[in-house]
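Below is one structure, written out as structure tokens; comments come after it.
Read-outs throughout are calculated quantities, based only on the coordinates presented, and are distinct from any laboratory measurement. Note that the structure is a prediction, hence the values are computed from the model and not measured. Glycine gets a Cβ as well: all are built from the backbone with ideal geometry, and neighbour counts include every protein chain shown.
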Amino acid sequence: MPLVWELFAHEAKDVSEEVFEIVNAVGGAMLRTETQAAGKLEADAEVFRPSEYIPQILHGIYRQTRFPEDSDSDAAEFEEYRRSLYTIFLNIVRQRPHDTLAFLSNLAQSLPAQFAEIDPRDLESFLSLVYRFKEGITALKAAAVVFNEPSSPLTVMVVQIHSSMLGAASNSAVPLHPSVLLTYYDLAVRYSKVLQNESALIPAVLEMMFGPHGLAHPAAHVRSRVCYLCLRLVKAIGSSVNPHASSILAALQPRLAIANEREALASQHDPTFLAYDDQLYLFELAGQIIASLVLPSQETGMDVKQLRYRYTIAVMEPLLQGLNLTLNELASGALTDEEYAAEHCASHLNAIAHVLKAFKSTDCMENHQETFTQVLTAAACVLRALPRAPRVRSKVVFTLHRLTTVLDREHFLGNVQETLQALMMGCEQPEVVEIVQLLDQLIIKHKQALGAFLNETTLPFVQHLCSLMPERSALADGETKDAPQLEREATQKYLYTFLLHLVTHGLDAVLASARNVAQLENMLRLVLEGCAEVQDANINRACFSVGSMLVERWIGSGMTPSPASEASGASTAATSPASVALRTALQAELSAEGKARFTQIAVQDFTSAMFAVTKLRHFDLDDMQTTLAAKEIANMQAALVGAVGVEYLGFLREVFLPSLGCPAELATAYAEQVATGDRKAILAAYKALVGKM
């Protein structure tokens with residue numbers, strides 16, 4: 001074995017790889033076997049004990065995971081080998097954590113006390129092993145507690161690493177290698193608990209990250225990574241960052257200016273330029289610090305809400321001014337490059353939305369509603385000026401998602417409707433998913449309060465989505481679909497999701513309102529298409545669910561809601577005072593003739609769809625998604641028998657099933673199961689009948 005360890009730790013990776021499989025076996029399966037059999041092995045000197053070779057294995061891993069000396073080496077190949085070695089390391093940590101920590105402690109003591117004097121390759125490898133040790137012990141759960149104690153050897157070692165690294169950073173004569181810096185920052189994030197307990201280290205670590213060893217580092221990849229790690233670290237140390245909020249925000253301020261020129265030019269003029277995507281982490285960081293700020297008023301002379309407001313204005317005011325300036329220049333003709341204007345405005349909106357990410361309530365600072373209503377107004381102005389720019393539209397949607405959390409109903413709904421309507425009616429196929437997800441979020445949050453707006457916009461929006469769909473392809477029923485058919489089905493998916501949310505949350509009144517009732521049958525035909533013509537079990541399920549809920553509400557007066565309606569809250573939403581008031585306001589009661597026509601469509605056309613869908617290629621009752629769709633079919637049949645009674649049973653037994661060639665005795669037996677109203681019995685009978693047809 002001594003030869004194996006010598007070869008494994010060899011300077012040449014090719015030599016080390018020759019014995020990798022032996023080391024992998026000893027440090028992997030064989031070590032696990034020994035650990036599991038602990039106490040059972042005979043005290044025999046000839047028994048091979050992998051644990052006796054842990055120091056040699058770990059030494060080899062430490063040597064082989066050092067980054068290459070030359071930049072010409074194959075980085076991808078090295079990283080793959082490094083990952084394989086770390087897999088062995090993590091297994092050893094989990095099997096023998098105390099032995100591993102002893103090795104790391106001995107290694108730390110063997111290295112020079114001054115980090116600036118250590119070979120960067122050795123230092124980075126050591127820091128990487130300490131970093132991954134935490135990952136290994138996390139899997140041990142309760143057994144890991146002892147390692148995380150403030151006085152544990154691991155904690156003491158991490159504190160010493162911080163002290164040594166901060167000392168090395170203060171020595172400007174010897175620059176720290178970028179790989180060493182980034183591994184150290186990763187370690188600081190992973191061991192954030194140590195910083196919480198040793199809070200005196202926090203300002204020095206943050207100063208290091210914000211200075212020439214971090215955000216102002218000459219290497220772009222270091223600046224980029226540190227932006228992300230700053231956010232991670234501040235989130236991880238939580239309230240421990242509060243005493244340093246002011247200094248952090250002051251350090252961030254110059255980094256939050258969005259360049260007025262293209263990134264390629266800006267990076268040439270500024271040696272510490274931050275790419276916009278990296279700046280977004282800093283905007284989110286600023287918001288995180290402000291939103292989570294808790295400071296005693298005696299320290300600042302103002303309460304925490306006033307302080308949050310002051311900081312929020314300091315961060316957001318330049319962004320709002322930048323938007324205003326660009327829009328004014330565009331309106332006056334001073335700026336004629338619409339593409340640049342769109343990119344610039346979208347970037348500012350996106351930055352504001354990232355600041356808002358951490359704000360979770362509607363009253364977390366002074367002048368809260370007024371301040372964030374300004375953001376909504378700014379987004380509306382940008383969309384009005386650049387209504388067709390895809391990036392602008394996308395970032396307006398993103399901003400609205402954030403504003404739904406921080407604005408109350410009055411301020412949000414009172415100011416968003418023009419913007420929302422412009423998004424809905426101007427959307428193109430690629431953005432359908434974004435628009436519908438936003439609408440779904442608003443429906444869930446505001447429900448009937450959104451009713452008047454949806455009464456005016458639902459029908460035009462659905463018609464617009466239908467106009468975006470390519471014609472149904474001749475390959476629609478085949479196993480392979482062409483691009484237009486895939487595009488059509490993608491749009492259909494979100495169209496039906498929107499309708500499902502509408503009905504589930506008690507907004508079905510907009511479908512039957514005085515304004516829209518003339519188009520109700522067309523809407524039902526659209527739902528029927530989703531039931532029986534679309535090869536997607538999730539869409540089939542959604543459409544039968546819509547049909548089932550409409551039957552319960554529109555013609556099933558007094559009937560018990562289905563378990564699905566109860567579980568989703570749909571039954572409660574439909575009978576709430578707000579729903580009743582909305583139906584009255586929209587005059588959404590079907591006339592006798594309207595009810596008769598709806599009943600006819602529900603009985604005849606939806607029942608036909610229940611069996612037509614079984615002929616589609618994707619319909620397989622052994623598949624979970626298809627089974628869920630079949631459950632909705634059973635729900636709808638139970639709803640129909642509850643609402644229409646013997647007429648529905650007669651239609652099934654004497655008209656519909658015979659038209660499919662179903663024998664009379666089979667049709668009668670099936671109708672008897674439907675007559676019970678028991679959804680489980682109906683589902684079992686439906687599956688059996690489909691299997692025989």
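Overall, the chain carries a charge dipole of about 1940 debye about its Cα centre when +1 sits on the Cβ of Lys and Arg and -1 on the Cβ of Asp and Glu, all other atoms neutral. Which residues in the range 244-258 place their backbone N less than 16 Å from a point set 7 Å from the Cα of GLN321 along the Cα-to-Cβ direction? Under cut-off, by backbone N: 253-258.
The residue list ILE88, ILE61, VAL517 was ranked by how far each Cα lies along the charge dipole of the chain toward its positive end, using unit charges on Cβ atoms, and VAL517 comes out on top. Take every pair of alpha-carbon atoms less than 8 Å apart whose residues are at least six positions apart; their mean separation over the length of the chain yields a relative contact order of 6 percent. At an R0 of 60 angstrom, the distance between the Cβ atoms of ALA204 and LEU621 translates into a FRET efficiency of 0.40. Using the alpha-carbon atoms, what tilt in degrees (0 to 90, nearest 10) does helix 97-110 show relative to the longest principal axis of the chain? Taking the Cα atoms of the chain, the angle to 97-110 is about 40 degrees.
If the segment from GLN160 to ASP303 were pulled out straight at 0.36 nm per residue, it would be longer than the present Cα-Cα gap by 47.7 nm.
Let's test the formula: R0 of 30 Å, r as the Cβ-Cβ distance of THR584 and GLU338. What FRET efficiency results, to the nearest 0.05?
The value I calculate is 0.05.
Rounded, prolate or oblate: which fits the range 327-377, taking a ≥ b ≥ c as square roots of the Cα gyration tensor eigenvalues, rounded meaning a/c under 1.5, else prolate when a/b beats b/c?
Oblate, because a/c is 1.5 or more while a/b does not exceed b/c.
Let a ≥ b ≥ c be the square roots of the eigenvalues of the Cα gyration tensor of the chain; is it rounded (a/c under 1.5), or, if not, prolate (a/b larger than b/c) or oblate? It is oblate, given that a/c is not under 1.5 and a/b is not larger than b/c. For the range 453-692, the calculated P(r) over all alpha carbon pairs, in 10 Å bins from 0 to the bin holding the longest distance, is 7, 32, 36, 21, 4, 0 percent. Extending 7 Å from Cα along the Cβ direction at THR377 and again at ALA275 yields two label points whose distance is 3.7 nm. Here, the range 321-465 has an Rg and a Dmax of 15.1, 45 Å when only alpha carbons are counted. So, in Å, what gap is there between the alpha-carbon centers of the range 384-419 and the range 424-495? Each part's Cα centre sits 19 Å from the other's. When only Cα pairs below 8 angstrom with a gap of at least 6 residues are kept, the range 295-426 shows a relative contact order of 27 percent. Over the chain, dividing the summed -39,500 (n - 2.57) contributions of all DSSP H runs of at least 4 residues by the number of residues returns a 222 nm mean residue ellipticity of -21000 deg cm²/dmol. Take the alpha-carbon centre of the range 662-693, take the same for the range 164-211, and report the distance between them in whole Å. Measuring centre to centre over Cα atoms gives 71 Å. What is the range 144-225 by shape, rounded, prolate or oblate, if you read a ≥ b ≥ c off the alpha carbon gyration tensor as root eigenvalues and call it rounded for a/c under 1.5, prolate for a/b larger than b/c, and oblate otherwise? Cα axes put the range 144-225 in the prolate bin. Label-to-label distance, ALA483 versus ILE258, with points set 7 angstrom from Cα along the beta-carbon direction: 3.1 nm. Between the Cα long axis of helix 679-692 and the first principal axis of the chain there is an angle of about 80°, rounded to the nearest 10. Please report, to one decimal in angstroms, the Kirkwood hydrodynamic radius of the range 604-661 built from all distinct Cα-Cα pairs. Taking the inverse mean of 1/r over all distinct Cα pairs, the range 604-661 comes out at 12.2 Å. Between GLU593 and GLU529, what FRET efficiency comes out of the Förster formula 1/(1 + (r/R0)^6) with R0 = 22 Å and r the beta carbon distance, rounded to 0.05? E between GLU529 and GLU593, to the nearest 0.05, is 0.35. The length gained on full extension between HIS98 and GLU18, counted as 0.36 nm times the residue separation minus their Cα-Cα distance, comes to 25.9 nm. Full extension of the segment from GLN463 to ASP678, taken as 0.36 nm per residue of separation minus the current Cα-Cα distance, would add 73.7 nm.
Each label was represented as a point 7 Å from its Cα along the Cα-to-Cβ direction; for VAL146 and ARG83 these points are 3.4 nm apart. Neighbour counts of other Cβ atoms within 10 Å put ILE237, ILE633 in the fewest-to-most order ILE237, ILE633.
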